[in-house]
Amino acid sequence: MRILVTGGAGFLGSHLIGRLLAEGHEVVCHDNLLTGRIANVAKHLANPVFTFVKHDVIATIRVEGPLDEIYNLACPASPLKYELDPIHTFETSVLGAENMLELARLKDARILQASTSEVYGDPETSPQVEDYRGLVNTFGPRACYDEGKRAAEMLFYEYGIHRGIETRIARIFNTYGPRMAPDDGRVVSTFIVQALTGQPLTIFGAGDQTRSFCYVDDLVDGLIRLMRAPEGTKAPVNLGNPGEFTIKELAQLVLEKTGSSSELSYRELPQDDPHQRRPDISRARNLLGWQPTVPLLEGLDRTIDYFREELDTGSLPMWM
Ligand code: NAD
Ligand code: UDP
């Protein structure tokens, strides 16, 4: 197949591209390099079935040749990054989704949207099932991301139901692993880099808020299964690891795993930071036969090894 991945130079996109190329597909990557790095796909640049195009999904683009599938991943995922230019973040989600849906229509391609557990906002129920409509603030720092992703889901609904496009919506919960940008503020990469460099681990609030962390290989497997699910699988599907940890527990695990003697340093909890997050993955289990296989303790080891190596080779200080 010939497959377009937007946001392919980012953390998830680069792992997805690796898998698709390994399966023997031709891959086109569109990315404006806002939060991604060309280094993430550098090893594929000489591959004749891989093409990189520096492009912002807000603008329309003409794509030569056929496309069978489009994975729409373009969008900064870290609050620190998506809050830097909120209007651009919102436009990335909404105009980006519309442009890609039109492209899917033109090419008669299947299209998958990387949506997010953030559509549930600060949820009042746990675990979160897909039918839960969420508690989201339209008037706060996270709104550009949450509302942009919600609006994108609405566009996928309309194009799927009324314009005959084969659409897929993955509601992705916190995912971690090698190639996370060390400076993008997400909690797993931040804690690991802090622990490995002897800096205090910055805990926001009391650290009793929870997240469920999915290892990147599991997530990529879920995305591919969802894309290939039988025709008509248009409803949103949660993809994440149901194991739930407080942020303080995560900090302790990172300290143990790295053998670091870094201290814990408490900071103010950011506005609208969700108190709990845990996916109900019954729909993914039933529809896709999917469930995560890598427990947090094992995924952390692999991620720590990656950052340790980056530090040893001197790559990290250049980014930070
Ligand atoms: P990332 O920041 O590493 O990757 C996003 C990529 O999109 C980057 O390469 C960036 O340069 C590119 N991009 C951003 N805006 C763009 C634009 N306007 N035009 C073209 N390219 C643009 O983030 P990630 O963790 O790889 O997330 C990928 C997708 O998955 C995002 O849509 C994100 O919202 C979604 N998601 C991720 C997580 C997670 O935990 N990683 C959770 C929920 C949803
Ligand atoms: N967090 C933290 N210290 C950090 C970065 C994040 O305590 O240095 C917390 C943050 O407040 C949130 C959780 O960790 O409660 C997950 O944050 P992240 O930005 O990784 O993802 P999101 O908030 O989008 O789930």
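Please verify whether the range 147-162 includes one or more residues that are more than 16 Å from ligand 1 (Cβ to nearest atom), part of a loop (DSSP other than H, G, I, E, B) and not charged (D, E, K, R). Scanning the range 147-162, I find no residue that is more than 16 Å from ligand 1 (Cβ to nearest atom), part of a loop (DSSP other than H, G, I, E, B) and not charged (D, E, K, R), so the answer is no.
For the structure I just gave you, tell me whether K257 is of a type outside the set (F, W, Y), touching a residue at least 40 places away in the same chain (Cβ under 8 Å), surrounded by 15 or more Cβ atoms within 10 Å (Cβ to Cβ) and closer than 30 Å to E158 by Cβ. So K257 does not fit the description; no. Every test in (1) touching a strand residue (DSSP E or B) at 6+ places or on another chain (Cβ under 8 Å); (2) hydroxyl-bearing (S, T, Y); (3) part of a loop (DSSP other than H, G, I, E, B) is passed by Y266 save one, and that test is (3). Checked against the criterion of being assigned to a helix (DSSP H, G or I), more than 21 Å from S78 (Cβ to Cβ) and either in contact (Cβ under 8 Å) with a residue 12 or more places away in the chain or in contact with a strand residue (DSSP E or B) (Cβ under 8 Å, 6 or more places away or on another chain) (or both), the candidates R283, R302 yield just one match: R283. When the residues of the range 66-89 are filtered to those that are away from ligand 2 (no atom under 16 Å from the Cβ) and farther than 17 Å from G8 by Cβ, the one that is surrounded by the most Cβ atoms within 10 Å (Cβ to Cβ) is H88. Total residues in the range 10-36 satisfying the condition of being within 12 Å of the chain's Cα centre (by Cα) and among the aliphatic types (A, V, I, L, M): the figure is 2. All conditions in (1) surrounded by fewer than 18 Cβ atoms within 10 Å (Cβ to Cβ); (2) within 15 Å of ligand 1 (Cβ to nearest atom); (3) on the phi > 0 side of the Ramachandran plot hold for G243, with the sole exception of (3). In the range 174-182 there is at least one residue that is under 18 Å from N40 (Cα atoms) and more than 10 Å from ligand 1 (Cβ to nearest atom). Does the range 108-115 contain at least one residue that is within 16 Å of ligand 2 (Cβ to nearest atom) and closer than 28 Å to K234 by Cα? There is at least one residue in the range 108-115 that is within 16 Å of ligand 2 (Cβ to nearest atom) and closer than 28 Å to K234 by Cα.
Values quoted throughout were computed directly from the atomic coordinates according to the rules given, and no laboratory measurement underlies them. Every value quoted in this text rests on a predicted model; they were computed, and no experiment measured them. Neighbour counts run over all protein chains shown; Cβ positions are idealised from the backbone, glycine included.
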